[in-house]
Structures are given as structure tokens and as C-alpha cells.
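*Asks:* Quick one: this structure, given as C-alpha cells, is what I'll be asking you about.
The values are calculated or read from the model by the stated rules, or taken from the named source; none is laboratory data. Here the structure is a predicted model, which is why all the values come from computation and not from measurement. Because the Cβ atoms are built from the backbone with ideal geometry, glycine has one as well, and the counts that use them run over all protein chains shown. Side chains included, ligands, DNA and RNA excluded: accessible areas come from the protein's heavy atoms. Shrake-Rupley method; radii C 1.70, N 1.55, O 1.52, S 1.80 Å.
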Amino acid sequence: MEASVSRRRFLAQGAGGLSAVWVSAHWPALLAAATHARHAAQSAAPAKFEFFAAEEAKEIDAITSRIIPSDETPGAHEAGVVYFIDRGLTTFDVDNQKTYREGLPELQARVTEMFPGTSKFSALTPEQQDEVLHSFDEQSPHGRQRRFRPSQGAQNFFETLRQHTIAGFLIDPDYGGNGDGAGWKVIGRAREYMFQPPFGYYDKGYPGWELAAKEEMKEAEKK
Amino acid sequence: MTADQPKYKTSDEVDFVIVGSGAAGGVLAKELSTNGFRVVVLEQGPYLTEADFTHNEIEILALDKLTNHPKLQPTTVRKTPDEKARPQRALVYGRCVGGTSVHFTANFWRFHEIDFIEGRKVGSVPGSTLVDWPITYADLEPYYTKVEWEIGVSGLAGASPFDPPRSKPYPMPPLPVKSSGVLFERAARKLGWHPFPAPMAILSQSRPGRGACVQCGFCLGFGCEVGAKSSSLVAAIRVAERTGRCEIRPNSYVHRIELNSNGRAVGALYFDEKRNTHLQRAKAVVVCANGAETPRLLLLSANKQFPDGLANSSGLVGKNLMFNSGGTVTGVYEQPLNDYKGYCVSRVLHDFYELDHEKVGFHGGGGLDARYDFTPISFAFGGIPPETPRWGKEFKAALAHNFTRTMEIFCHGTSLPVENNSFSLDPNLKDAWGLPALRLTYKDHPDDLKLSNWLFERAQAIHEAAGAVKKWSFPAQEQQFGVHLLGTCRMGNDAKSSVINPDHRTHDVKNLFLCDGSSLVTSGRGQPTMTIMALAFRAADRITGLAKHGELTA
């Protein structure tokens, strides 16, 4: 009886509902498929640059490595952020090509200005590199945006590159950045598609809302 | 899209054309088609489904895949009517089938009794156009229950001593508590307050065609890949489609309501994807385009009879805009909460819903919730302590340490209605279709800012009592950007001081109905979607009644 009711209800859902049932019922299988696709992408031939010339890519890589440096844990370099940016500039962020075309030579001119005899950012020491970048980072440290929504006027090369670096380091690895999940390893985000409680330290051993309420009332009474 | 959708010709005079498929439009489509009417829903955005929803933060947060696009739909902003508005992003709303309900947080509180009668209770508030609703909580209660059961809301009835009366418990238990919820709950109890499991429009138990929440962690801003989030897309539109009487027509941008010489609406004029114009004929038009686009559509539909905009004899179309006040107080804890896992909000507090304005010195009230609404990239831009450098070793170290140890307390509050606060047509700027862009005029009522700061202090106290290692917030600032778009075609009995009557019928055009955030008379305490859906269920009943009495065919 139960079964026939639910079967009828199920059939009544029609095709739209059916596909969703299928998705949730086969969720783990879909995950396996996604994982497979990810491995396939990773084993492909090394990415080539489409937008940057090799020399430019080296410079960009060096800058991203100061924005998110490599130390005991991987940084922008290990996460392949420069590849993410290169792809971004030929796909979803074509509008910012100009920012890079004009911004990089300007930055290199600043390198020569500050350290005569050098024209390459990547040739400087890390300390010198930071000095150059600080000269471009005029934004107040408190002017942070609440959300990742680069303003339309974010033409400032360093600010654009800073945003791209962060995005390329932390995006879900399935979407072309955060190589090998390096960024998520750094911040401690497990690379799973579904989670179950207990989620963290403080919800372990939680007795449930009713019990927690009673226990705390008792404690209050004792006092 | 289901196979049994009809394809109506634009020349077919269907019973209803509904403009917009969000929280209200989706519910009205379900109800009206279920009641036997032939319905066409015109949605400006694309028809996306679970298979199209991703965890791609670039696509969602930077490229606006699910939301209005600032390049196609630019806006301008100013504080007061005597200022010249400058181009700036003024709002975010869902632009896809299901509207904003596809990507919202899914906090689903009911409004309380006070929200409907605050005007009479507190008297007049200087600088505000606060008035009572023409309906009460009791009128809407059956429809709140309908939303909970039909759309799918998880929660625990009776858990909050401040909850208004309800006729039925929730249809399913609350979602599992998060570490943020446990910290919040224990601290709030210590302070003598009454935290309770958050009512959420997210399934804790699966339903036919929809999975229970899998706690993926990409919730606010994202579409749900398992259909657990109770958007109108999965919870209403699919039911409408199965009636065989409802056509969902995506990529259809309505820009004018056409009237005949008798002053009756004959249908909606829209651009298709190729920007060809069509007129979908209908016996009645229901506009559910949200609190910004609904008044804009009325203003764009000005004609000889209504030179100041359709149904605007009151002059109030677009006015009395309310965004809800509020903001976050962020805290960092010693141990990992891992709050990035799962949905956003697991505990809420309503002790401050109704405040004694003489004691606190301002009007309004609010609610607090424990949440984590960050995803990795958005956390890097908005989640780390304010004094942290923006790049380099220390920046990286802050990301590494704080991402798993952070929680937010969101303070939601009233926005008092102010007549000048509005959406109107910008006289200069045009959208990508050549139509006048939205212009926002907004300056918070001073009480709203006082309320926010007052709530921030309570949230600070909770972090303190919970043992936060670090906590911070910023003083409340005047808002120039909104996601809750409320009050712009307010409901009322008097045609001079409101745009729609309690049946959601415009006072001026007998077969034109409006239902969405624009219908709200007050802003509640911050979570409007539940009320918008309840209004839509109620509007469907009222409109069906009128149709059956032959009132829609003159």
C-alpha cells in the first residue's frame, strides 16, 4: 500500500522532477564522474599560454608569487595561477586584456625607476619586488570589498592582478585554477561535494536542541 | 523544462500573463494553473536547472550568471532627489527562472503580528511614512502554513517564545546544527536570550523530485544542484508545468503593459532573445518582477491615460523603498568550526524583534542569526580581519588560519518607509535594449542606523560570551545598494495612498495585479521572501475568486 502510493506520487512528478530524483539518487556516482573528468584534465599536456608571451608570463608569475607567496605551504606559483589568468584573459575576462597590456610595461618601467639597471620584475629580490608592489598598492587597507565583485572601474593593474591571483588560487579546482587544489589545502577546505555533521569542533557531541536547552536551564538553576 | 508545457501563441488570449518567475511569480503560476487557468510566465532570464548550477565562484559572483547584469542593466544611485545620480550598481536580483529564490540564503521567518500593525501601535514616526497593512497576520497565517508545507521549510515549531501563532508545525525537522549555531546558542542562553533552530527553505528530508540538503557549502549566491533549496523553480514552477496549462517562456524581457481604450490591460509587450518585440495577449496581467523592476515596468508603460506611469494615480509607484537594515559582526575562534561546510544559518534569535522605542530611542526591531555565508574567494575579499594586509605572507597566513575558524552574526532589521527612497527611471542612462535604466534614490531613516548599531552591540556580546579570540564590525553606514527590494507599490485600501488593494489589484487598472516585494507595506525584520511567497498564495486565492465572479472579463 505504502509502496503503491509513493510510486504513484513518484510517477506524478513528470520529467522535470524525475531528473532531479535521478541526480540526488545518483549523486555519489556523479561525483565519481566529476573526479574522473578532473583527473583527465590534469593528465593533459602542460598548458600553453594563449595571451601572455613567455617572458610576460614569467613576470606575472613572479608578481602573483608575492601576492600569495610560497612558504611551508604552496603559493600562487604552485597553484598555477598564471595559467588561470592567461585563460581568463582569453575567455571570461577579455575586457581586462588592456589592463595587462598597459599595466605590465608600466610596472616594469617602475622597476627600472626604482632599481636602475633592471627592467624585469622577476629579476629583483623578493624584498625589492615587494617594494615595487607597495608603490602600486595605494588603496587603503580598510577599503576592502564585502564581496568578490570587482567594480567596473577596477582598471588599476595591480588591483586587478591581486583579485585575479586570489580568484585563481581559491576557485573550485574544477573551474580551471587552484591547481592540484593547492589553495584549498592552504585554507583547510576539504575537497568534497557533500558533508555530514559533526562539521567542526564545536558541534561535536551536541545533544540536540531540546536537550541542550534543558541542560543549560539546569545549570542556570544550580547557580 | 517538462515535455507537457503548452506552447501558446502570442495572439492566444490566455487567462493570465505573469511577468517574472521568482518567489511570487512562480507561486502564482503554480496556483493559477492548478486552479484551471491558462498561464504564460514571461521571465527575462534564462531557464537553468540543477544541471546548470555549479560551484564556480567566478561565474556566479563576478560574471552574474544567475543575477541581473550591470553591463546589460546599468543603474544609477543618489541619496536624495536633489542630487544628480551617478552610475553605480544599485541592486542584485535573480535573473533566471526561479528569480532570486534560486540563489538566496533561504532564511524563512514569518513576519510577526507587529509588522502588520506597527503604525497604529507606535503612532507616527517623524520622517517616515509608516502605516498599517490593510491585512493582518491572522489573514496571512494560513498562507504561511501553505508555504511551509507546499514549498518545503524545515524548522522547529514552538522553539522561539516570540513566534507568532501557527496552525500547524513545520513539515520537517530543522537542518543539523553547525559549529556557529552551537557557539551562538550557548552564548545567547548565557546572556538570558532565546536562540532557536533557524527555519530554512531548505529540505532536511527529501521529497519527490527533490533531494535533502547534502551540505555542499555553496549556498548563498548559488543554485542548488540537488533541488534541496526551496526555490520557486523546483518547488512551484515544476508543479505549474505539470498541469499542462502553464508555459514558462524564458529570455522574454517585458517592457510595457499595453492598455486598450477602455483602460484595461490587454497583455504584455516583450523582447525575445533576438530582441524582436511580441505582445502576449491575456485577460489579466500579474506583475511579479520584483520591487525594482515592477515599478520600473509601470513607469515604462506610461500612456495618455496614465502620463506618470501605469496605475500611478497615487504617485507612489516606485516610492517608499525599503532595503532592510543590518550588517555583520564577525568573530574568530580558537578551534576550527569548518562552517564552510553546509548551508548558511543554523540558529536565530528574535529577542529584539519588538523593542520599546521609548527605552532604546529608535523605532523598529531586528533578529540575529549565526552564519557563514562565505565561499573561498568571497572569504578572501570579505572575511579576514580588517587590519590584515591585502596581499603577501601575512595575508596568506590570515586566510590559512581564519577560513575554518570564522563565523558571522548577521543583524537583520527594519527599514522604516521613507517616501523619497525609490526606484525611478534615470533620465539619461539606458539599458542594453535602449530603455531608461533604474535610478536608485536612498537615504536610510536615522532610526535604521541606530537600530543596526544597537544590534551590533548585542552580536558583539554573543561573540564575547562564546569566547571569540577576535571580533569586529563597522559602524552602520547609509546603504546605497540593496537585495531586499520592498514597498515600492504598497498595498492599501485607499487609492490615494497606495498602489494595490488587498487583492493585489491595482486601484487604477481593474485587470492588472502586482505581487512581489513591492506589495509590502513594512519591511519586517529582515527576511522578506517567506512573506512574499505567502502573499503570492493569498493573491492567487483572491484573483481566482475574482475571476470566478467574472470580474476579470469586462
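*Asks:* Kindly indicate which of A:F169, A:F199, A:F158 is buried (at least 20 other Cβ atoms within 10 Å of the Cβ) and at pLDDT below 95. Step through it out loud before you land on a result.
*Replies:* Working: A:F169 fails: at pLDDT below 95; A:F199 fails: at pLDDT below 95.
Testing whether each residue is buried (at least 20 other Cβ atoms within 10 Å of the Cβ) and at pLDDT below 95 leaves just A:F158.
*Asks:* Kindly indicate which of B:D503, B:D541, B:D508, B:D516 is within 12 Å of the chain's Cα centre (by Cα) and among the acidic types (D, E).
*Replies:* Working: B:D503 fails: within 12 Å of the chain's Cα centre (by Cα); B:D541 fails: within 12 Å of the chain's Cα centre (by Cα); B:D508 fails: within 12 Å of the chain's Cα centre (by Cα).
The conditions single out B:D516.
*Asks:* Also, I was wondering about something else. Looking only at region B:517-550, how many residues end up being open to solvent by 10 Å² or more (accessible area, probe 1.4 Å), among the charged types (D, E, K, R) and in contact with a strand residue (DSSP E or B) (Cβ under 9 Å, 6 or more places away or on another chain)?
*Replies:* 1
*Asks:* Which is away from every other protein chain (no Cβ under 14 Å), acidic (D, E) and open to solvent by less than 30 Å² (accessible area, probe 1.4 Å), of B:D447, B:D494? Outline the logic, then answer.
*Replies:* Working: B:D494 fails: open to solvent by less than 30 Å² (accessible area, probe 1.4 Å).
Residue meeting the stated conditions: B:D447.
*Asks:* I'm checking my understanding of the structure. Among residues of region B:142-192 that are open to solvent by 50 Å² or more (accessible area, probe 1.4 Å) and within 20 Å of A:F199 (Cβ to Cβ), which one is farthest from the other protein chains (Cβ to nearest Cβ)?
*Replies:* B:P173
*Asks:* If we only count helices (runs of 4 or more DSSP H) wholly inside region B:326-432, which ones have 2 or more residues that are within 21 Å of B:S452 (Cα to Cα)?
*Replies:* Details: elements: B:357-360, B:376-382, B:393-402.
Qualifying helices (runs of 4 or more DSSP H): B:357-360.
*Asks:* Can you find a residue that is within 20 Å of B:C344 (Cβ to Cβ), in a loop (DSSP other than H, G, I, E, B) and in contact with a Pro (Cβ under 9 Å, 6 or more places away or on another chain) anywhere in region A:173-182? Steps first, answer last, please.
*Replies:* First pass over region A:173-182, keeping only residues within 20 Å of B:C344 (Cβ to Cβ): none.
The answer is no; no qualifying residue exists.
*Asks:* For B:E457, are the conditions met, namely being assigned to a helix (DSSP H, G or I), surrounded by fewer than 21 Cβ atoms within 10 Å (Cβ to Cβ) and at pLDDT 95 or above?
*Replies:* Values: assigned to a helix (DSSP H, G or I): yes; surrounded by fewer than 21 Cβ atoms within 10 Å (Cβ to Cβ): yes; at pLDDT 95 or above: yes.
Answer is yes for this residue.
*Asks:* Residue under question is B:D356, and the condition is that it be surrounded by fewer than 24 Cβ atoms within 10 Å (Cβ to Cβ), free of Cβ contacts under 8 Å to residues at least 24 places away in the same chain and not aromatic (F, W, Y); does it hold?
*Replies:* Numbers: surrounded by fewer than 24 Cβ atoms within 10 Å (Cβ to Cβ): yes; free of Cβ contacts under 8 Å to residues at least 24 places away in the same chain: yes; not aromatic (F, W, Y): yes.
Against the criterion (surrounded by fewer than 24 Cβ atoms within 10 Å (Cβ to Cβ), free of Cβ contacts under 8 Å to residues at least 24 places away in the same chain and not aromatic (F, W, Y)), B:D356 qualifies.
*Asks:* Output the number of the condition that B:P208 fails; it satisfies all remaining conditions of (1) in contact (Cβ under 8 Å) with a residue 12 or more places away in the chain; (2) within 14 Å of chain A (Cβ to nearest Cβ).
*Replies:* B:P208 satisfies every listed condition except (1).
*Asks:* Further, regarding this structure: Across region B:76-90, what is the total count of residues that are of a type in the set (S, T, N, Q) and farther than 17 Å from B:L321 by Cα?
*Replies:* Residues flagged as of a type in the set (S, T, N, Q) and farther than 17 Å from B:L321 by Cα within region B:76-90 amount to 1.
*Asks:* Consider region B:279-296. How many of its residues are surrounded by fewer than 24 Cβ atoms within 10 Å (Cβ to Cβ) and under 23 Å from B:R439 (Cα atoms)? Can you show your working first?
*Replies:* As a first pass, look at region B:279-296 and keep what is surrounded by fewer than 24 Cβ atoms within 10 Å (Cβ to Cβ): B:279, B:281, B:283.
Filter once more, keeping what is under 23 Å from B:R439 (Cα atoms): none.
Residues meeting the conditions: 0.
The rows are residues; the columns are (1) open to solvent by less than 30 Å² (accessible area, probe 1.4 Å); (2) within 10 Å of another protein chain (Cβ to nearest Cβ).
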residue	(1), (2)
B:E31	yes, no
B:G36	no, no
B:G45	yes, no
B:T49	no, yes
B:T54	yes, yes
B:I60	yes, yes
B:L63	no, yes
B:K71	no, yes
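*Asks:* All but one of (1) free of Cβ contacts under 8 Å to residues at least 60 places away in the same chain; (2) touching a helix residue (DSSP H, G or I) at 6+ places or on another chain (Cβ under 6 Å); (3) open to solvent by 20 Å² or more (accessible area, probe 1.4 Å) hold for B:E225; which doesn't?
*Replies:* Single failed check for B:E225: (1).
*Asks:* Does region B:104-125 include one or more residues that are within 14 Å of chain A (Cβ to nearest Cβ), touching a residue at least 12 places away in the same chain (Cβ under 8 Å), small (G, A, S) and open to solvent by less than 10 Å² (accessible area, probe 1.4 Å)?
*Replies:* Step one: of region B:104-125, the residues within 14 Å of chain A (Cβ to nearest Cβ) are B:105.
Now narrow it down to the ones that are touching a residue at least 12 places away in the same chain (Cβ under 8 Å): B:105.
Subset that is small (G, A, S): none.
The answer is no; no qualifying residue exists.
*Asks:* When you look at B:R210, is it open to solvent by 30 Å² or more (accessible area, probe 1.4 Å), of a type in the set (D, E, K, R) and farther than 17 Å from B:T100 by Cα, yes or no? Even if it seems obvious, please write down each step before you answer.
*Replies:* Working: open to solvent by 30 Å² or more (accessible area, probe 1.4 Å): no; of a type in the set (D, E, K, R): yes; farther than 17 Å from B:T100 by Cα: yes.
Spelling it out, it is not the case that B:R210 is open to solvent by 30 Å² or more (accessible area, probe 1.4 Å), of a type in the set (D, E, K, R) and farther than 17 Å from B:T100 by Cα.
*Asks:* Same structure, new question: For region B:474-499, how many residues meet the condition of being in contact with a strand residue (DSSP E or B) (Cβ under 7 Å, 6 or more places away or on another chain) and either of a type in the set (G, A, S) or free of Cβ contacts under 8 Å to residues at least 40 places away in the same chain (or both)?
*Replies:* Selection size over region B:474-499: 4.
*Asks:* I'd like the full set of residues that are within 8 Å of chain A (Cβ to nearest Cβ), open to solvent by 10 Å² or more (accessible area, probe 1.4 Å) and among the hydrophobic types (A, V, I, L, M, F, W, C), limited to region B:363-399.
*Replies:* Within region B:363-399, B:W391 is the sole residue that qualifies.
*Asks:* Is region B:331-344 home to any residue that is within 12 Å of chain A (Cβ to nearest Cβ) and in contact with a Pro (Cβ under 8 Å, 6 or more places away or on another chain)?
*Replies:* Within region B:331-344 (the criterion being within 12 Å of chain A (Cβ to nearest Cβ) and in contact with a Pro (Cβ under 8 Å, 6 or more places away or on another chain)), the answer is yes, since at least one residue qualifies.
*Asks:* Checking the condition aliphatic (A, V, I, L, M) and assigned to a strand (DSSP E or B), which residue from B:I237, B:I248 passes?
*Replies:* Values: B:I237 fails: assigned to a strand (DSSP E or B).
Sole residue among the options that is aliphatic (A, V, I, L, M) and assigned to a strand (DSSP E or B): B:I248.
*Asks:* Working carefully through the options B:G25, B:G20, find the one that is at positive phi, more than 14 Å from every other protein chain (Cβ to nearest Cβ) and open to solvent by less than 20 Å² (accessible area, probe 1.4 Å).
*Replies:* Numbers: B:G25 fails: at positive phi.
Sole residue among the options that is at positive phi, more than 14 Å from every other protein chain (Cβ to nearest Cβ) and open to solvent by less than 20 Å² (accessible area, probe 1.4 Å): B:G20.
*Asks:* Continuing with the same structure: When you look at B:E150, is it farther than 21 Å from B:G366 by Cβ, outside any loop (DSSP other than H, G, I, E, B) and free of Cβ contacts under 8 Å to residues at least 40 places away in the same chain, yes or no?
*Replies:* Numbers: farther than 21 Å from B:G366 by Cβ: yes; outside any loop (DSSP other than H, G, I, E, B): yes; free of Cβ contacts under 8 Å to residues at least 40 places away in the same chain: no.
Answer is no for this residue.
*Asks:* Right, another one. Go through region A:191-213 and report how many residues are closer than 11 Å to B:G342 by Cβ and in contact with a strand residue (DSSP E or B) (Cβ under 9 Å, 6 or more places away or on another chain).
*Replies:* 1
*Asks:* Additional query: Is it true that B:K510 is part of a strand (DSSP E or B), open to solvent by 10 Å² or more (accessible area, probe 1.4 Å) and of a type outside the set (F, W, Y)?
*Replies:* On the way: part of a strand (DSSP E or B): no; open to solvent by 10 Å² or more (accessible area, probe 1.4 Å): yes; of a type outside the set (F, W, Y): yes.
Criteria not met by B:K510.
*Asks:* Follow-up question, since we're still on this one. Mind checking which residues of region A:91-124 are open to solvent by 60 Å² or more (accessible area, probe 1.4 Å), in a loop (DSSP other than H, G, I, E, B) and at pLDDT 90 or above?
*Replies:* Correct list: A:P116, A:G117, A:S119, A:K120.
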